[in-house]
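Enquirer: Have a look at this one before I ask anything.
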Amino acid sequence: MQLSHFGKKFSSGAGILTLMDDLGKAIVHGSGQYMLGGGNPAHIPEVQRYFREQMRLTLDNDKDFELAIGNYTSPQGHGDFVRTLAELLKDQYHWNVGPENIALTNGSQSAFFYLFNMFAGHFEDGSFRKILFPMAPEYIGYADLGLEEGIFMAEKPQIEFIGKNVFKYHVDFDRLEIADDVGAICVSRPTNPTGNVITDEELSRLSALAEKHNIPLIIDNAYGTPFPNIIFTEATPMWNENIILSMSLSKLGLPGTRTGIVVARREVIDAVSSMNAVFNLSPGSMGAMIAGEMIRDGQIIDISKNIIKPYYYEKSRRAFDLLEGYLKGLDFFIHKPEGALFLWLWIPDLPITSQELYMRLKERGVIVVSGHYFFPGLDSEWRHRNECLRISFSQNDEVVKAGLKIIADELKKVCRGN
Ligand SMILES: Cc1ncc(COP(=O)(O)O)c(C=O)c1O
């Protein structure tokens, strides 16, 4: 069977596909009994009960269920949901958004496919533009989304050391250059894989830079505020006409409904809707149906703040304390856990690569993700990228604890030359 460039590119097993496949196989073959690898959100009983109740109410209502499953929505997505979300954002944050500023997609992953290829690649004027990640490491899921090769560029971060074993990445504004070939800037906040939350000041500076260069700033808010609000530090949500804010219902607990949300100026929303029509006819509406009421009455903000955020904050604290304790005696740093579902562990001068460490851990039943995957667009050599692991703490506490213990044990062997 001969495949086109497109066919080869998107089925060649690069990057995220290999990783997801490997994670999946590890579960099926039982080698991953300590699954600290995936980005799946936890099943939080209180939140799940709420969604079950919403589903029950929909089923009990005379027409709601039939309407939700029996109709395509417009390419922009479920009208009621879009309208009420616009009202919520306007009320809460005084953003100048209306329904014309919001579109739904089948998961935010697909929104990134649209957005990156809208703002990077070949342009009519002959130029070739790229998406700039101002602070590597960044989300691995971006790496393979380009229709054209070479559409990403990234900058190394500045590293701040905080206490004995903690560090934090910052955008290195001294190094950051917005050249003519940058088509858009993109940053995840909180960042997958590090749990970093770039500060309000950093975000404002990025926004100002983007505006100055007349390019959009894309903020990936998959874990961010106001929902699901998996943020353990101070962070103000930000939007303006030059910002494209990507949100998602996945980490709220609805990854199976595949609901992404794009908030942007009208032309961007029209383009996203148009791409929805071409690729999907219309986005799915189950997520909008299940979460519709919580948007209408604003409970999405309370549930995020009072249930989801503390749930992950506690898990993050416990995982951090355990890992720090288990690793005593080694040279190590953990990124300051400010949000998302992960600890980012850095072992300076790790004697093997993080990928080799991943393989050794897999042999012992622990699945993590090697850090080297998380530097899409960073061309320069940097040893650091082979010295880090992403460890998810969203699994139940016993699994996390046992997994962390094995990670520390294996690291001690590696660092002592065994
Ligand atoms: C930073 C980030 N952005 C986007 C996504 C995509 O999520 P979804 O397509 O489920 O909305 C993920 C998923 O893990 C993520 O971690």
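Only the coordinates and a few stated rules stand behind these numbers; no lab work does. Since the structure is predicted, the reported quantities are computational estimates derived from the model, not experimental observations. Positions of Cβ are generated from backbone atoms using ideal geometry, with glycine treated the same way; all protein chains shown enter the neighbour counts.
Enquirer: Where the centre of each part is set by its Cα atoms, how far does region 35-57 sit from region 262-293, in angstrom?
Expert: Between the Cα centre of region 35-57 and that of region 262-293, the gap is 23 Å.
Enquirer: GNM, the chain, Cα, under 10 Å: largest mean-square fluctuation among THR353, THR259, THR191?
Expert: So, out of THR353, THR259, THR191, the one fluctuating most is THR353.
Enquirer: Could you tell me the relative contact order of region 73-300? Use alpha-carbon pairs under 8 Å, at least six residues apart, and round to a whole percent. List each step's numbers first, then the result.
Expert: On the way: 429 pairs, mean separation 62.8, N = 228.
Relative contact order for region 73-300 comes out at 28 percent.
Enquirer: Share of antiparallel DSSP beta bridges in the chain, in percent to the nearest 5?
Expert: Rounded to the nearest five, the antiparallel share is 60 percent.
Enquirer: Would you work out the relative contact order for region 211-273, in percent, from Cα pairs under 8 angstrom that are 6 or more residues apart?
Expert: Rounded, it is 29 percent for region 211-273.
Enquirer: To continue, here is another question. Checking the table LYS164/LYS412; LYS9/LYS168; LYS164/LYS305; LYS164/LYS413; LYS251/LYS412 against a 25 Å threshold on Cα-Cα, which pairs fail?
Expert: Going by Cα-Cα distance, LYS9/LYS168; LYS164/LYS305; LYS251/LYS412 fall outside the 25 Å limit.
Enquirer: For the chain, set up a Gaussian network in which alpha carbons nearer than 10 Å are linked by springs, and say which option among LEU17, LEU378, LEU203 fluctuates the most.
Expert: The residue that fluctuates most here is LEU17.
Enquirer: Quick one: order LYS251, LYS90 by neighbouring beta-carbon count within 10 Å, fewest to most.
Expert: Listed from fewest to most nearby Cβ atoms, that is LYS90, LYS251.
Enquirer: How do PHE81, PHE232 rank when sorted from fewest to most other Cβ atoms within 10 Å of their own Cβ? Don't skip to the answer; put the middle values down first.
Expert: Working: PHE81 23, PHE232 20.
Neighbour counts put them in this order, fewest first: PHE232, PHE81.
Enquirer: On to the next question. Per-residue ellipticity at 222 nm for the chain, helices alone: DSSP H runs ≥ 4 residues times -39500 (n - 2.57), over residue total, nearest 500 deg cm²/dmol?
Expert: It comes out at -12000 deg cm²/dmol, rounded to the nearest 500.
Enquirer: Count the DSSP beta bridges whose two residues both fall in region 73-300, then state the antiparallel fraction as a percent rounded to the nearest 5.
Expert: 50
Enquirer: Fewest first, what order do MET286, MET359 take by the number of other Cβ atoms within 10 Å? Please list the in-between numbers first.
Expert: Details: MET286 18, MET359 12.
Fewest-to-most Cβ neighbours within 10 Å comes out as MET359, MET286.
Enquirer: Gaussian network model of the chain, Cα springs within a sub-10 Å range: biggest mean-square fluctuation belongs to which of ILE308, ILE352, ILE230?
Expert: Of ILE308, ILE352, ILE230, the most mobile in the Gaussian network model is ILE352.
Enquirer: Now, a different point. Using the per-residue mean of other Cβ atoms lying within 10 Å as a proxy for protection, in what order, highest first, do the peptides 407-417, 383-393, 210-220 fall?
Expert: 383-393, 210-220, 407-417
Enquirer: Only Cα pairs under 8 Å and at least 6 apart count here; give the relative contact order of the chain as a rounded whole percent. Spell out each step's value before the answer.
Expert: Details: 803 pairs, mean separation 99.7, N = 418.
After rounding, I find 24 percent.
Enquirer: Out of all DSSP beta bridges in region 156-282, what portion is antiparallel? Express it as a percent rounded to 5.
Expert: Roughly 55 percent of the beta bridges in region 156-282 run antiparallel, per DSSP.
Enquirer: Roughly how many whole Å is it from the C-alpha centroid of region 62-129 to that of region 341-418?
Expert: 36
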